[in-house]
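Have a look at the structure below, then the notes.
The values are calculated or read from the model by the stated rules, or taken from the named source; none is laboratory data. Owing to the predicted nature of the structure, the values given are computational and were not obtained by experimental measurement. Here the Cβ positions follow ideal geometry from the backbone for every residue, glycine too, while neighbour counts run over all protein chains shown. Each accessible area value is taken on the protein alone, full model and side chains, heavy atoms only, with ligands, DNA and RNA left out. Shrake-Rupley method; radii C 1.70, N 1.55, O 1.52, S 1.80 Å.
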Amino acid sequence: MTGEVFKVDLHIHTCASRDSVVHPANVIKAAKRRRLDRICITDHNRIDGALVAKEIDPEFVIVGEEILTTRGEILAFFVSEWVPPFLSHQETLDRLQDQGAVISVAHPFDRHRHQPWTEELLEVILPRLDAVEGFNACSRHAEDNEKAQGFALAHKLPMSAGSDGQSTVEIGSAYLEI
């Protein structure tokens with residue numbers, strides 16, 4: 001049995017994030033030039049850029065958020081309500097679960113992100129995770145992605161993947177085939 005395969009970049013930023021200057025409409029254009037089938041806009045600590053993009057192309061765009069907690073960054077997909085930053089990881093997870101979001105952990109072992117995620121802490125929240133970001137195109141060291149992949153495999157968790165694109169050139173440099 002064959003099915004349709006979708007190419008989805010699950011980690012993209014717009015100008016709503018502090019580290020990107022790309023307008024949501026241009027994110028969509030760049031993603032379509034890269035022949036992606038869907039994108040998830042996961043701006044840092046906000047969803048307004050994703051909501052603008054969703055208005056432009058409701059079928060193509062998934063609303064997400066990359067949320068800085070007191071313990072590290074959580075990546076959420078299918079977000080319907082903004083979750084503020086700097087809450088505890090447990091409060092953030094509560095708010096995301098209450099709205100039915102899909103929950104992943106952003107670049108959990110990337111040594112340049114200065115995040116306090118540890119394997120032990122991730123194991124504590126494991127029952128609340130839907131996935132782990134197993135590949136982030138902006139990670140400088142392949143070993144950091146490999147460690148995330150190993151963690152996901154060891155705990156039988158699905159993996160998300162994304163470009164972490166902050167410019168039109170980066171969008172679609174990594175994606176997940178679903």
**Q.** Whether region 45-103 is rounded, prolate or oblate, judged on the alpha carbon gyration tensor where a/c under 1.5 counts as rounded
**A.** prolate
Q) Hey, what number do you get for the chain at 222 nm if only DSSP H runs of n ≥ 4 count, each worth -39500 (n - 2.57), divided across all residues, to the nearest 500? A) -8000 deg cm²/dmol
Q.
Run the numbers for GLU120 and GLU4: contour at 0.36 nm per residue of separation, minus the present Cα-Cα distance, in nm.
A. 38.0 nm
Q | Unit charges at the beta carbon, dipole of region 7-138: most positive-side option, PRO58, GLN115, ALA101 | A | PRO58
(Q) Once you place label points 7 Å from the Cα toward the Cβ at THR70 and GLU91, how far apart are they in nm? (A) 0.7 nm
Q. Rg (Å, one decimal) plus Dmax (Å, integer) for the alpha carbons of the chain?
A. 15.0, 46
Q. With every protein chain kept in the model, how would you rank THR42, THR168 by accessible area, 1.4 Å probe, largest at the top?
A. THR168, THR42
Q: May I ask you to list the trypsin sites (Lys or Arg not before Pro) in region 1-77 that are in a DSSP loop and have at most 15 other Cβ atoms within 10 Å of their Cβ?
A: ARG18, ARG35
Q: Quantify, in whole percent, the carbon and sulfur part of the accessible surface of the chain (1.4 Å probe; protein heavy atoms only).
A: 54 percent
Q: Apply the Debye scattering formula to region 17-74, with a single equal point scatterer on each alpha-carbon and no solvent, then give log10 I(q)/I(0) at q = 0.27, 0.31 Å⁻¹.
A: -1.10, -1.30
Q) Lys pairs in the chain, Cα-Cα under 28 Å, at least 8 apart or on separate chains: how many? A) 8
Q: Round to the nearest 10 and give me the degree value, 0 to 90, for the angle of helix 24-33's Cα axis relative to the longest principal axis of the chain.
A: 80 degrees
Q. Distance from the Cα centre of region 105-177 to that of region 45-66, in angstrom?
A. 21 Å
Q) Stretched out fully, how many nm does the piece from ASP19 to LYS156 gain, at 0.36 nm a residue minus the Cα gap? A) 46.1 nm
(Q) Which trypsin sites (Lys or Arg not before Pro) in region 124-153 sit in a loop by DSSP (not H, G, I, E or B) and have at most 11 other Cβ atoms within 10 Å of their own Cβ? (A) ARG140
Q: Enumerate by residue number the GluC sites (Glu not before Pro) in region 29-128 meeting two conditions: DSSP loop (anything except H, G, I, E, B), and at most 16 other Cβ atoms within 10 Å of the site's Cβ.
A: GLU59, GLU81
Q. Given a 1.4 Å probe, how much area per residue of the chain is accessible, in Å²?
A. 48 Å²
